[in-house]
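Here is the structure we will look at.
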Amino acid sequence: MASKVKTVGVLTSGGDAPGMNAAIRAVVREALSNGCSVKGIKRGYSGLLDEEIFDMDAHSVSDIISRGGTILQTARCPEFVQSEYQEKAAKICKAHGIDGLVVIGGDGSFKGAQKIAEHGINVIGLPGTIDLDIACTEYTIGFDTAVNTAMDAIDKVRDTSTSHERCSIVEVMGRGAGYIALWCGIANGAEDVLLPERYNFDEQELVNHIISARKHGKKHHIIINAEGIGHSTSMAKRIEAATGIETRATILGHMQRGGSPTCKDRVYASTMGAMASDLLAEGKTNRVVGYDHGEFIDFDIDEALSMSKSLDEYQVKICRSLGNAY
Ligand code: ADP
Ligand code: F6P
(Lines give C-alpha, C1' and ligand atoms only; values in the text may rest on other atoms or scores of the structure.)
(Ligands and ions follow the chains in the order given, each with its own letter.)
Protein backbone atom coordinates (compact mmCIF):
# COMPACT_ATOMS: atom_id res chain seq x y z
CA MET A 1 0.00 0.00 0.00
CA ALA A 2 1.33 3.44 -0.93
CA SER A 3 2.30 5.63 2.02
CA LYS A 4 -0.26 8.32 2.90
CA VAL A 5 2.54 10.79 3.62
CA LYS A 6 5.37 11.59 1.22
CA THR A 7 7.98 13.22 3.40
CA VAL A 8 8.65 12.42 7.05
CA GLY A 9 10.40 14.98 9.25
CA VAL A 10 11.98 13.97 12.55
CA LEU A 11 13.12 16.05 15.53
CA THR A 12 14.16 15.58 19.17
CA SER A 13 12.95 18.06 21.79
CA GLY A 14 13.33 18.68 25.53
CA GLY A 15 15.95 16.80 27.57
CA ASP A 16 17.96 14.24 25.62
CA ALA A 17 17.78 10.55 26.54
CA PRO A 18 19.89 7.51 25.60
CA GLY A 19 18.09 5.61 22.86
CA MET A 20 16.91 8.72 21.00
CA ASN A 21 19.45 7.89 18.26
CA ALA A 22 18.07 4.35 17.95
CA ALA A 23 14.61 5.88 17.54
CA ILE A 24 15.80 8.37 14.91
CA ARG A 25 17.49 5.57 12.99
CA ALA A 26 14.32 3.50 13.01
CA VAL A 27 12.10 6.42 11.96
CA VAL A 28 14.42 7.17 9.03
CA ARG A 29 14.95 3.61 7.78
CA GLU A 30 11.32 2.51 8.18
CA ALA A 31 10.08 5.67 6.43
CA LEU A 32 12.51 5.04 3.56
CA SER A 33 11.35 1.44 3.29
CA ASN A 34 7.76 2.74 3.13
CA GLY A 35 8.77 4.79 0.08
CA CYS A 36 8.91 8.18 1.85
CA SER A 37 11.60 10.84 1.75
CA VAL A 38 13.03 11.87 5.12
CA LYS A 39 14.17 15.21 6.50
CA GLY A 40 16.03 15.72 9.76
CA ILE A 41 15.25 18.81 11.81
CA LYS A 42 17.99 20.09 14.12
CA ARG A 43 17.51 21.51 17.65
CA GLY A 44 13.86 20.67 18.24
CA TYR A 45 11.24 23.34 17.66
CA SER A 46 13.91 26.10 17.69
CA GLY A 47 15.62 24.50 14.71
CA LEU A 48 12.30 23.96 12.96
CA LEU A 49 11.50 27.69 13.31
CA ASP A 50 15.02 28.49 12.03
CA GLU A 51 14.55 26.03 9.13
CA GLU A 52 17.51 23.88 10.16
CA ILE A 53 16.20 21.12 7.91
CA PHE A 54 18.27 18.66 5.88
CA ASP A 55 17.73 15.57 3.74
CA MET A 56 18.40 12.20 5.36
CA ASP A 57 19.11 8.85 3.73
CA ALA A 58 19.81 5.39 5.13
CA HIS A 59 23.48 6.28 5.69
CA SER A 60 22.64 9.44 7.66
CA VAL A 61 21.82 7.16 10.57
CA SER A 62 24.71 4.72 10.22
CA ASP A 63 26.73 3.98 13.37
CA ILE A 64 24.39 5.74 15.77
CA ILE A 65 22.39 2.93 17.41
CA SER A 66 24.98 2.49 20.15
CA ARG A 67 25.47 6.20 20.82
CA GLY A 68 23.88 8.24 23.61
CA GLY A 69 22.60 11.78 23.03
CA THR A 70 20.84 12.76 19.83
CA ILE A 71 22.51 13.35 16.46
CA LEU A 72 19.75 15.89 15.74
CA GLN A 73 20.67 17.94 18.84
CA THR A 74 17.84 19.00 21.10
CA ALA A 75 16.59 22.26 22.54
CA ARG A 76 13.95 23.89 24.62
CA CYS A 77 12.00 26.54 22.75
CA PRO A 78 9.94 28.56 25.26
CA GLU A 79 8.22 30.71 22.62
CA PHE A 80 6.66 27.62 21.09
CA VAL A 81 3.74 27.89 23.54
CA GLN A 82 2.57 30.87 21.44
CA SER A 83 0.19 30.11 18.59
CA GLU A 84 1.98 32.33 16.04
CA TYR A 85 5.10 30.13 16.31
CA GLN A 86 3.08 26.92 16.09
CA GLU A 87 1.42 28.20 12.92
CA LYS A 88 4.80 29.28 11.54
CA ALA A 89 6.25 25.81 12.27
CA ALA A 90 3.43 24.14 10.32
CA LYS A 91 3.96 26.55 7.41
CA ILE A 92 7.69 25.76 7.39
CA CYS A 93 6.93 22.02 7.35
CA LYS A 94 4.63 22.53 4.36
CA ALA A 95 7.21 24.69 2.56
CA HIS A 96 9.75 21.86 2.92
CA GLY A 97 7.23 19.25 1.80
CA ILE A 98 7.07 17.67 5.27
CA ASP A 99 3.58 16.20 5.59
CA GLY A 100 4.44 13.80 8.44
CA LEU A 101 6.41 14.75 11.54
CA VAL A 102 7.85 12.57 14.31
CA VAL A 103 8.53 14.39 17.59
CA ILE A 104 10.70 12.54 20.11
CA GLY A 105 10.44 14.09 23.58
CA GLY A 106 8.31 14.39 26.69
CA ASP A 107 4.89 15.79 27.54
CA GLY A 108 5.94 19.37 26.78
CA SER A 109 7.10 18.34 23.31
CA PHE A 110 3.81 16.49 22.72
CA LYS A 111 1.87 19.69 23.50
CA GLY A 112 3.83 21.38 20.72
CA ALA A 113 3.22 18.42 18.40
CA GLN A 114 -0.52 18.57 19.08
CA LYS A 115 -0.56 22.21 17.95
CA ILE A 116 1.33 21.43 14.74
CA ALA A 117 -1.19 18.64 14.04
CA GLU A 118 -4.02 21.20 14.39
CA HIS A 119 -2.42 23.06 11.48
CA GLY A 120 -2.68 20.08 9.16
CA ILE A 121 0.62 18.22 9.53
CA ASN A 122 0.37 14.53 10.43
CA VAL A 123 2.23 14.20 13.72
CA ILE A 124 3.36 11.24 15.83
CA GLY A 125 5.02 11.58 19.27
CA LEU A 126 7.54 9.16 20.74
CA PRO A 127 8.12 9.18 24.52
CA GLY A 128 11.73 10.20 25.11
CA THR A 129 12.76 11.03 28.68
CA ILE A 130 14.90 9.45 31.37
CA ASP A 131 12.25 10.41 33.94
CA LEU A 132 9.61 7.76 32.98
CA ASP A 133 7.01 10.42 33.76
CA ILE A 134 4.78 10.11 30.68
CA ALA A 135 1.38 8.88 31.79
CA CYS A 136 0.27 6.87 28.75
CA THR A 137 3.27 4.54 28.75
CA GLU A 138 5.06 2.15 31.10
CA TYR A 139 8.27 2.69 29.13
CA THR A 140 10.05 5.85 28.01
CA ILE A 141 13.14 5.95 25.81
CA GLY A 142 16.22 6.41 28.02
CA PHE A 143 14.89 5.42 31.44
CA ASP A 144 16.44 1.96 31.38
CA THR A 145 19.91 3.27 30.55
CA ALA A 146 19.68 6.16 33.02
CA VAL A 147 18.49 4.01 35.90
CA ASN A 148 21.24 1.46 35.23
CA THR A 149 23.85 4.24 35.14
CA ALA A 150 22.56 5.56 38.46
CA MET A 151 22.44 2.06 39.95
CA ASP A 152 26.08 1.36 38.99
CA ALA A 153 27.19 4.69 40.45
CA ILE A 154 25.30 4.11 43.71
CA ASP A 155 26.87 0.63 44.07
CA LYS A 156 30.26 2.35 43.91
CA VAL A 157 29.31 4.98 46.47
CA ARG A 158 28.03 2.21 48.70
CA ASP A 159 31.42 0.44 48.68
CA THR A 160 33.29 3.47 49.99
CA SER A 161 30.45 4.40 52.32
CA THR A 162 30.64 0.95 53.96
CA SER A 163 34.45 1.09 54.25
CA HIS A 164 34.29 4.43 56.05
CA GLU A 165 31.07 3.61 57.92
CA ARG A 166 29.53 6.78 56.58
CA CYS A 167 26.12 7.99 55.64
CA SER A 168 25.84 8.88 51.92
CA ILE A 169 23.24 10.95 50.20
CA VAL A 170 23.14 10.26 46.47
CA GLU A 171 21.09 12.66 44.39
CA VAL A 172 19.57 11.24 41.23
CA MET A 173 17.71 13.05 38.44
CA GLY A 174 13.97 13.56 38.43
CA ARG A 175 12.70 17.07 39.04
CA GLY A 176 9.09 16.13 39.52
CA ALA A 177 9.23 12.36 39.24
CA GLY A 178 10.77 9.83 41.61
CA TYR A 179 11.00 6.83 39.26
CA ILE A 180 14.81 6.78 39.05
CA ALA A 181 15.03 7.26 42.83
CA LEU A 182 12.49 4.54 43.56
CA TRP A 183 14.00 1.99 41.18
CA CYS A 184 17.49 2.65 42.53
CA GLY A 185 16.12 2.49 46.05
CA ILE A 186 15.04 -1.07 45.39
CA ALA A 187 17.96 -2.06 43.14
CA ASN A 188 20.66 -0.63 45.41
CA GLY A 189 19.05 -1.66 48.67
CA ALA A 190 19.04 1.91 49.97
CA GLU A 191 18.14 2.58 53.58
CA ASP A 192 16.11 5.68 52.68
CA VAL A 193 14.64 7.06 49.48
CA LEU A 194 13.31 10.59 49.21
CA LEU A 195 10.69 10.88 46.49
CA PRO A 196 9.40 14.26 45.30
CA GLU A 197 5.88 12.82 45.20
CA ARG A 198 6.04 11.72 48.84
CA TYR A 199 8.72 13.47 50.91
CA ASN A 200 7.31 15.23 53.99
CA PHE A 201 10.52 17.20 54.72
CA ASP A 202 10.68 15.66 58.19
CA GLU A 203 14.46 15.49 58.55
CA GLN A 204 14.18 14.42 62.20
CA GLU A 205 12.50 11.19 61.04
CA LEU A 206 15.46 10.60 58.73
CA VAL A 207 17.95 11.31 61.52
CA ASN A 208 16.13 8.91 63.88
CA HIS A 209 16.20 6.22 61.20
CA ILE A 210 19.96 6.64 60.62
CA ILE A 211 20.71 6.44 64.37
CA SER A 212 18.47 3.42 64.82
CA ALA A 213 19.97 1.60 61.81
CA ARG A 214 23.49 2.29 63.12
CA LYS A 215 22.52 0.83 66.51
CA HIS A 216 21.35 -2.28 64.68
CA GLY A 217 24.76 -2.69 63.04
CA LYS A 218 24.41 -0.97 59.65
CA LYS A 219 27.85 0.03 58.39
CA HIS A 220 26.56 2.55 55.91
CA HIS A 221 23.35 4.45 55.33
CA ILE A 222 22.49 5.17 51.72
CA ILE A 223 19.90 7.88 51.19
CA ILE A 224 18.75 8.28 47.60
CA ASN A 225 17.47 11.78 47.11
CA ALA A 226 15.57 12.81 43.99
CA GLU A 227 16.62 16.05 42.31
CA GLY A 228 13.12 17.42 42.89
CA ILE A 229 13.91 17.58 46.61
CA GLY A 230 17.55 18.56 46.07
CA HIS A 231 19.78 20.39 48.60
CA SER A 232 21.80 17.20 49.17
CA THR A 233 24.98 19.00 50.24
CA SER A 234 23.33 21.09 52.95
CA MET A 235 21.23 18.09 53.98
CA ALA A 236 24.46 16.09 54.46
CA LYS A 237 25.87 18.79 56.75
CA ARG A 238 22.72 18.86 58.86
CA ILE A 239 22.55 15.06 59.09
CA GLU A 240 26.21 14.83 60.12
CA ALA A 241 25.64 17.45 62.83
CA ALA A 242 22.50 15.73 64.11
CA THR A 243 23.79 12.13 64.05
CA GLY A 244 27.51 12.53 64.62
CA ILE A 245 28.01 10.17 61.64
CA GLU A 246 30.23 11.40 58.82
CA THR A 247 27.96 12.16 55.88
CA ARG A 248 28.81 12.86 52.24
CA ALA A 249 26.67 14.00 49.33
CA THR A 250 27.13 12.85 45.73
CA ILE A 251 25.12 14.49 42.97
CA LEU A 252 25.07 12.24 39.91
CA GLY A 253 23.65 14.89 37.59
CA HIS A 254 23.86 14.75 33.81
CA MET A 255 25.95 11.56 33.66
CA GLN A 256 22.53 9.88 33.92
CA ARG A 257 21.47 11.40 30.60
CA GLY A 258 24.42 10.09 28.62
CA GLY A 259 26.10 6.85 27.66
CA SER A 260 25.51 3.98 25.32
CA PRO A 261 21.87 2.84 25.52
CA THR A 262 21.05 -0.53 27.06
CA CYS A 263 19.75 -3.35 24.89
CA LYS A 264 16.21 -2.64 26.11
CA ASP A 265 16.44 1.05 25.17
CA ARG A 266 17.82 0.17 21.72
CA VAL A 267 15.16 -2.44 21.00
CA TYR A 268 12.17 -0.52 22.39
CA ALA A 269 13.27 2.78 20.83
CA SER A 270 13.78 1.02 17.48
CA THR A 271 10.34 -0.56 17.69
CA MET A 272 8.68 2.73 18.58
CA GLY A 273 10.59 4.62 15.88
CA ALA A 274 9.54 2.16 13.20
CA MET A 275 5.96 2.28 14.46
CA ALA A 276 5.91 6.07 14.16
CA SER A 277 6.84 5.86 10.48
CA ASP A 278 4.32 3.08 9.88
CA LEU A 279 1.53 5.08 11.57
CA LEU A 280 2.34 8.04 9.33
CA ALA A 281 2.32 5.78 6.27
CA GLU A 282 -1.21 4.68 7.29
CA GLY A 283 -2.28 8.33 7.41
CA LYS A 284 -2.55 8.51 11.22
CA THR A 285 -1.99 11.79 13.03
CA ASN A 286 -2.01 13.32 16.52
CA ARG A 287 -0.89 10.00 18.03
CA VAL A 288 1.69 9.07 20.69
CA VAL A 289 3.32 5.63 20.75
CA GLY A 290 3.38 3.95 24.16
CA TYR A 291 4.09 0.60 25.80
CA ASP A 292 1.43 -0.92 27.99
CA HIS A 293 1.00 -4.44 29.40
CA GLY A 294 3.57 -5.96 27.07
CA GLU A 295 2.35 -4.26 23.90
CA PHE A 296 3.39 -1.28 21.83
CA ILE A 297 0.27 0.78 21.21
CA ASP A 298 -0.69 4.28 20.11
CA PHE A 299 -2.93 6.87 21.73
CA ASP A 300 -4.54 10.08 20.67
CA ILE A 301 -2.23 12.87 21.94
CA ASP A 302 -5.12 14.69 23.64
CA GLU A 303 -6.06 11.49 25.48
CA ALA A 304 -2.40 10.77 26.34
CA LEU A 305 -1.92 14.24 27.80
CA SER A 306 -5.05 13.97 29.93
CA MET A 307 -3.87 10.75 31.63
CA SER A 308 -2.14 10.72 34.99
CA LYS A 309 0.41 8.36 36.46
CA SER A 310 1.65 7.71 39.96
CA LEU A 311 4.37 5.66 41.61
CA ASP A 312 3.56 2.02 42.29
CA GLU A 313 2.36 1.93 45.91
CA TYR A 314 3.60 -1.59 46.55
CA GLN A 315 7.09 -0.73 45.24
CA VAL A 316 7.18 2.37 47.46
CA LYS A 317 6.26 0.18 50.44
CA ILE A 318 8.76 -2.59 49.79
CA CYS A 319 11.51 -0.12 48.95
CA ARG A 320 11.36 0.97 52.57
CA SER A 321 10.79 -2.45 54.15
CA LEU A 322 13.51 -4.26 52.17
CA GLY A 323 16.10 -1.60 53.03
CA ASN A 324 15.66 -2.29 56.74
CA ALA A 325 17.76 -5.19 58.03
CA TYR A 326 16.01 -5.25 61.38
P1 ADP B 1 9.73 17.58 27.52
O2 ADP B 1 9.32 17.47 26.10
O3 ADP B 1 10.84 16.66 27.87
O4 ADP B 1 8.54 17.51 28.46
P5 ADP B 1 9.82 20.45 27.94
O6 ADP B 1 8.68 20.49 28.88
O7 ADP B 1 11.01 21.30 28.21
O8 ADP B 1 10.41 19.00 27.73
O9 ADP B 1 9.23 20.82 26.50
C10 ADP B 1 10.05 20.81 25.36
C11 ADP B 1 9.58 21.86 24.41
O12 ADP B 1 8.25 21.59 23.98
C13 ADP B 1 9.50 23.27 24.98
O14 ADP B 1 10.75 23.92 25.02
C15 ADP B 1 8.56 23.92 24.01
O16 ADP B 1 9.24 24.24 22.81
C17 ADP B 1 7.58 22.79 23.70
N18 ADP B 1 6.39 22.94 24.58
C19 ADP B 1 6.31 22.71 25.90
N20 ADP B 1 5.08 23.00 26.37
C21 ADP B 1 4.36 23.44 25.31
C22 ADP B 1 3.00 23.89 25.13
N23 ADP B 1 2.16 23.98 26.16
N24 ADP B 1 2.61 24.25 23.89
C25 ADP B 1 3.46 24.17 22.86
N26 ADP B 1 4.75 23.76 22.95
C27 ADP B 1 5.19 23.39 24.15
O1 F6P C 1 13.60 15.53 32.03
C2 F6P C 1 14.83 14.94 32.16
C3 F6P C 1 15.68 15.72 33.14
O4 F6P C 1 16.95 15.11 33.17
C5 F6P C 1 15.12 15.87 34.55
O6 F6P C 1 15.29 14.73 35.33
C7 F6P C 1 15.86 17.05 35.03
O8 F6P C 1 15.17 17.71 36.05
C9 F6P C 1 15.96 17.91 33.81
O10 F6P C 1 15.86 17.05 32.70
C11 F6P C 1 17.23 18.70 33.75
O12 F6P C 1 17.27 19.39 32.58
P13 F6P C 1 18.47 20.31 32.06
O14 F6P C 1 18.90 19.70 30.77
O15 F6P C 1 17.84 21.64 31.85
O16 F6P C 1 19.54 20.31 33.09
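The values are calculated or read from the model by the stated rules, or taken from the named source; none is laboratory data. A quick note: this is a predicted structure, and the numbers were derived from the prediction, not measured. Neighbour counts run over all protein chains shown; Cβ positions are idealised from the backbone, glycine included.
Note on the range 265-313: residues that are part of a strand (DSSP E or B), hydrophobic (A, V, I, L, M, F, W, C) and surrounded by fewer than 22 Cβ atoms within 10 Å (Cβ to Cβ) total 3.
Quick one: in the range 131-149, of everything that is assigned to a helix (DSSP H, G or I) and within 11 Å of ligand 2 (Cβ to nearest atom), which residue is surrounded by the most Cβ atoms within 10 Å (Cβ to Cβ)?
First, pick out the residues of the range 131-149 that are assigned to a helix (DSSP H, G or I): 143-149.
Next cut, within 11 Å of ligand 2 (Cβ to nearest atom) only: 143, 146.
Numbers: F143: 28, A146: 33.
Ranking the candidates gives A146 first.
Scanning the range 11-37 for residues that are of a type outside the set (G, A, S), within 15 Å of ligand 1 (Cβ to nearest atom) and touching a Gly at 6+ places or on another chain (Cβ under 6 Å) turns up L11, D16, P18, M20.
Every condition in (1) more than 17 Å from I186 (Cβ to Cβ); (2) surrounded by fewer than 24 Cβ atoms within 10 Å (Cβ to Cβ) holds for A153 except the one numbered (1). What's the total number of residues in the range 109-130 that are among the β-branched types (V, I, T) and assigned to a helix (DSSP H, G or I)? Qualifying residue count for the region: 1. Selection of first residues in the range 46-70 that are in the same structural domain as H96 (by TED's automatic domain parsing) and of second residues that are among the acidic types (D, E), restricted to Cβ pairs under 6 Å at least 6 apart or on distinct chains, gives the following pairs, ordered by first then second residue: G69/D16; T70/D16.
Just to confirm my filter: which helices (runs of 4 or more DSSP H) fall fully inside the range 166-251 and include at least 1 residues that are basic (K, R) and free of Cβ contacts under 8 Å to residues at least 40 places away in the same chain?
On the way: elements: 179-187, 203-215, 232-243.
Output list reads 203-215, 232-243.
For K94, the criteria (1) more than 16 Å from ligand 2 (Cβ to nearest atom); (2) more than 14 Å from V8 (Cα to Cα); (3) free of Cβ contacts under 8 Å to residues at least 60 places away in the same chain hold in every case but one, which is (2). The combined condition, being modelled with pLDDT of 95 or more, assigned to a helix (DSSP H, G or I), more than 16 Å from ligand 1 (Cβ to nearest atom) and under 17 Å from the mean Cα position of the chain (by Cα), is not fulfilled by T162.
Filtering the range 163-178 to residues that are within 14 Å of I223 (Cβ to Cβ) and not charged (D, E, K, R) leaves C167, S168, I169, V170, V172, G178.
Is it the case that some residue within the range 271-288 is among the polar types (S, T, N, Q), under 21 Å from E197 (Cβ atoms) and under 20 Å from the mean Cα position of the chain (by Cα)? Scanning the range 271-288 turns up no residue that is among the polar types (S, T, N, Q), under 21 Å from E197 (Cβ atoms) and under 20 Å from the mean Cα position of the chain (by Cα).
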